[in-house]
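Student: Can you keep this structure in mind? I'll have questions shortly.
The values are calculated or read from the model by the stated rules, or taken from the named source; none is laboratory data. What you see is a predicted model; the values in this text were computed from it and never measured. As a convention, Cβ positions derive from the backbone with ideal geometry for all residues, glycine included, and neighbour counts pool all protein chains shown. In case anyone asks, the SASA skips ligands and DNA or RNA and just uses the protein heavy atoms, side chains included. Shrake-Rupley method; radii C 1.70, N 1.55, O 1.52, S 1.80 Å.
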Amino acid sequence: MNLADKGQEEGDTNAPKPKHRVQIVASSSKSEDKRPKMDHTIRMRGNVLIQNPAQEWKVRSCELNGSFLTFFRKQKMVAAIDLEQVGDINVLRQIKDSAGQGFIFSLHLKEGRYFNVRVTMYDDALNWVKVLV
């Protein structure tokens, strides 16, 4: 219901009737649309371990789409990193602890925070780093 219909229902016969219907049409001209294009194509997906502030490793589903690295737990998004905010990405080292054997790569954000991400295979760590840079 539009505002003109609402006014007429309430007994206001002087309510203006719309002369034209407005149709919103997306512009295909690049010169008219200055907004950046959102890319939702999933470039990489997999299960990783991320390190929480208590230095514990937590399993998360991870996907890279467009300019975001997104982490999920039970299909619920728990974190998203805008790749524009990432300064350095490094493959750090091999690790073996109670969570098993794996390889860590680190995302250093420009604001000073960092995220350690762990995968089981060295090739997987290299693939993530190659796609992220």
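Student: How many nm is it between the label spots at V91 and Y114, if each spot is 7 Å from the Cα in line with the beta carbon?
Tutor: Using points 7 Å along Cα→Cβ, the separation is 1.7 nm.
Student: Could you give the accessible area per residue of the range 41-133, probe 1.4 Å, as a whole number in Å²?
Tutor: Values: 5800 Å² over 93 residues.
I get 62 Å² per residue for the range 41-133.
Student: Could you give me D for the range 40-82, from Stokes-Einstein at 4 °C and 1.567 mPa s, where the hydrodynamic radius is the Kirkwood radius over C-alpha pairs? Units µm² s⁻¹, please.
Tutor: On the way: Rh = 10.6 Å.
The Stokes-Einstein estimate is 122 µm²/s.
Student: What distance in nm separates the simple spin-label points at R73 and R43, each placed 7 Å from Cα in the Cβ direction?
Tutor: About 2.7 nm, to one decimal.
Student: Same structure, new question: Please report, as a whole percent, how much of the solvent-accessible surface of the range 42-132 comes from carbon and sulfur atoms (probe radius 1.4 Å).
Tutor: Of all accessible area on the range 42-132, carbon and sulfur atoms account for 47 percent.
Student: Restricted to Cα positions, what overall size does the range 77-133 have along the principal axes? Three whole-Å values, descending.
Tutor: The Cα atoms of the range 77-133 stretch 31, 22, 22 Å along the principal axes, largest first.
Student: Right, here's the next one. Which net charge results when you count Lys and Arg as +1 and Asp and Glu as -1 among the other residues whose beta-carbon is under 12 Å from that of T70?
Tutor: Taking every Cβ under 12 Å from that of T70, the sum is +3.
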